[in-house]
Each structure stands twice: as structure tokens, then as C-alpha cells.
Amino acid sequence: MAIQSVGVIGAGQMGNGIAHVFALAGYDVLMTDISQDALDKAVSLIDRNLERQVSREKVSAKDKKAAMDRISTTLTLSELGQTDLVIEAATERETVKHAIFEDLVPHLKPDTILTSNTSSISITRLASRTDRPEKFMGFHFMNPVPVMQLVELIRGIATDEPTYKALIGVVEKLGKTAASAEDFPGFIVNRILMPMINEAVYTLYEGVGNVKSIDSAMKLGTNHPMGPLELADFIGLDTCLAIMNVLHEGLADTKYRPCPLLTKYVEAGWLGRKTGRGFYDYRGEAPVPTR
């Protein structure tokens with residue numbers, strides 16, 4: 001399976017990062033979103049992030065220009081049907097993903113590989129709603145995509161070996177490292193990470209420590225680069241809650257019950273960095289704990 005062209009669905013935080021690394025690795029990238037404004041912002045952000053890499057001498061100016069020239073955008077989802085590999089990076093809601101695949105599938109080439117960047121939703125279930133479960137995989141990048149070295153590869157129950165090997169080759173060409181995970185809720189990274197974040201929120205909820213002390217304890221006591229509450233804000237509290245709900249519902253174990261305080265923050269619209277407030281308030285010159 002020779003993969004040269006890549007379609008990216010979603011121009012948000014993950015989608016633009018995925019487009020960035022694929023274009024830099026020599027792939028032709030076609031990115032789509034429901035909003036032209038989102039597409040324009042994504043291309044502008046990719047340009048700025050590549051320029052930062054140029055200034056740090058990690059990328060040459062020539063390679064940056066070549067990468068930007070490989071990126072094109074469209075508001076028409078069906079145009080992605082002619083690409084060799086499609087990566088869905090839309091919002092972490094299963095109904096949305098099903099609707100996207102339903103609209104896209106009639107336009108796909110017979111040999112196009114279909115993937116989802118989902119961080120927790122069943123790959124087998126997503127694949128079963130398409131015409132190519134054997135050519136469907138989970139392709140989970142970490143955020144921020146240009147910086148993080150890991151890609152989780154998740155096979156559904158029907159995924160065939162040629163599809164898996166093709167994606168192993170893609171990850172190698174991107175200069176990243178693949179970790180193969182079985183198709184269970186949360187896969188590897190979020191199965192371990194999200195309960196830790198949720199437990200940090202419980203620690204805050206129960207008054208064991210405040211935001212600052214919890215994050216300082218984990219940064220200085222366990223050498224984490226970011227505290228769990230700071231990391232939750234970076235990921236997005238709505239995404240954290242969605243993954244905890246998938247773990248809780250999919251594994252039916254009370255240890256995965258989302259903390260009521262996490263739910264409360266999401267209900268308030270305090271989703272972290274992207275909304276200006278979460279466990280920290282980002283509206284001033286420096287982040288200030290909200291509890």
C-alpha cells in the first residue's frame with residue numbers, strides 16, 4: 001500500500017498538528033473542516049509553528065516552504081475520497097464520527113485506508129459502520145503532534161495485517177515511534193493517564209490539596225513536566241470528561257467514575273486553556289489557580 005496523499009478531517013488542535021507533520025514528512029495533505037475560518041487559522045498556525053522550527057534550526061527554510069506547498073484545504077468532505085489515507089480528527093463524540101464516515105465512505109477509493117485519531121472510542125465499533133473494517137485503524141497522535149514522539153496504533157477486530165504494516169511504515173516515515181494497543185477503552189495512554197488526572201481532581205475536590213500544591217507535588221515529587229491539573233487544562237476538561245465517561249461505561253468499574261468537580265467545571269464552560277479558564281485562569285499575564 002503506497003501512501004502519498006493524506007486527508008485530515010478537522011482543523012483543530014490535533015488536525016492542524018497532524019497536517020503539519022505529514023506535510024513536513026513529504027506527504028500531500030488535504031485538510032477539511034466545516035468552517036473556512038477554522039481552516040485559515042489552522043494553515044496560519046502551521047506556518048507559525050514551522051517558522052518556530054526554522055528559527056530553532058530543526059527545519060530548513062526550504063523544507064518549510066515545501067511543507068506549506070503540500071497543504072491544501074477544502075470545505076467539501078467528499079474531496080478527501082481520492083486520498084490514500086484518511087485521518088479523522090474531529091471532536092471526541094462518537095455520533096459525530098459516525099456521521100462523518102457515513103458521508104465520506106461513498107466517495108472513497110477502494111484501497112483508501114480509513115483511520116480515527118480518537119483517544120478512547122472503540123475502533124471496532126467505528127469500523128463496523130463503514131464499508132472497510134479491514135482497512136480501518138485507530139491512529140492516535142499525542143498533543144502537541146509536532147513535538148510528541150508517540151503514535152498509538154489500534155487494530156479493530158477486523159483490521160488486516162497489510163493495513164497495520166502500512167501504518168507502521170507511515171509512522172516510521174514521520175520519524176515517530178508506534179506503540180500497538182488492543183482495542184479496549186482508552187487504549188494504553190489514556191487508560192493510565194486519565195484516571196491519574198481524575199484522581200488529582202478528586203484530591204482537589206476532597207480538599208487534600210489546592211491546585212498549586214497538587215501540581216507542585218507531582219512535578220517536583222515525581223518529575224512530571226506538567227502537573228495533572230495543568231495538563232488537564234492543556235488537554236481540555238471536556239475531552240478529559242469524555243474519556244473518563246468512555247472508561248466508566250466501557251469497563252463498568254467504579255474506579256473510573258468521573259469526579260463531580262470535573263463535571264462541574266465542564267458544565268460551567270471552564271474547559272481549560274482553550275476557553276481561558278479551567279483549573280487555572282489564563283486571562284491575565286500569568287495563570288492563576290481557580291481553587
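Each reported figure results from applying straightforward, stated rules to the coordinates on display, with no laboratory input. What you are looking at is a predicted structure, and each value in this text was computed from that prediction instead of being measured. A quick note on method: Cβ atoms are made from the backbone with ideal geometry, for glycine too, and the neighbour counts reach across all protein chains shown.
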Residues satisfying the stated conditions in the range 143-152, i.e. in contact with a helix residue (DSSP H, G or I) (Cβ under 7 Å, 6 or more places away or on another chain) and either in a strand (DSSP E or B) or surrounded by fewer than 21 Cβ atoms within 10 Å (Cβ to Cβ) (or both): ASN143, PRO144, PRO146, VAL151, GLU152
Would you confirm whether any residue within the range 27-38 is out of contact with any Gly (no Cβ under 8 Å at 6 or more places or on another chain), more than 17 Å from ALA89 (Cα to Cα), loosely packed, with under 14 Cβ neighbours inside 10 Å and among the hydroxyl-bearing types (Ser, Thr, Tyr)? no
Evaluate the range 129-146: report whether one residue or more is in contact with a Phe, Trp or Tyr (Cβ under 6 Å, 6 or more places away or on another chain) and under 22 Å from LYS176 (Cβ atoms). no
Looking for something within 30 Å of THR124 (Cα to Cα), in contact with an Asp or Glu (Cβ under 9 Å, 6 or more places away or on another chain) and assigned to a strand (DSSP E or B) - is there at least one such residue anywhere in the range 36-46? no
Regarding GLU267, is this residue in a helix (DSSP H, G or I), among the charged types (D, E, K, R) and more than 21 Å from the chain's Cα centre (by Cα)? yes
Please find, among GLU57, GLU94, GLU102, GLU51, the residue that is within 24 Å of ASP183 (Cα to Cα), of a type in the set (Asp, Glu) and either surrounded by fewer than 16 Cβ atoms within 10 Å (Cβ to Cβ) or touching a helix residue (DSSP H, G or I) at 6+ places or on another chain (Cβ under 7 Å) (or both). GLU102
For the range 60-91, how many residues are over 18 Å from ASN16 (Cα atoms) and surrounded by 19 or more Cβ atoms within 10 Å (Cβ to Cβ)? 1
So, in the range 226-256, how many residues would count as being small (Gly, Ala, Ser), in a helix (DSSP H, G or I) and crowded, with 17+ Cβ neighbours inside 10 Å? 2
Suppose the filter is in contact (Cβ under 8 Å) with a residue 12 or more places away in the chain and touching a helix residue (DSSP H, G or I) at 6+ places or on another chain (Cβ under 8 Å); does LEU80 pass it? yes
How many residues, within the range 47-80, are in a strand (DSSP E or B) and small (Gly, Ala, Ser)? 1
State all residues of the range 221-252 that are of a type in the set (Gly, Ala, Ser) and closer than 13 Å to ASN143 by Cβ; if no residue qualifies, say none. ALA232, GLY236
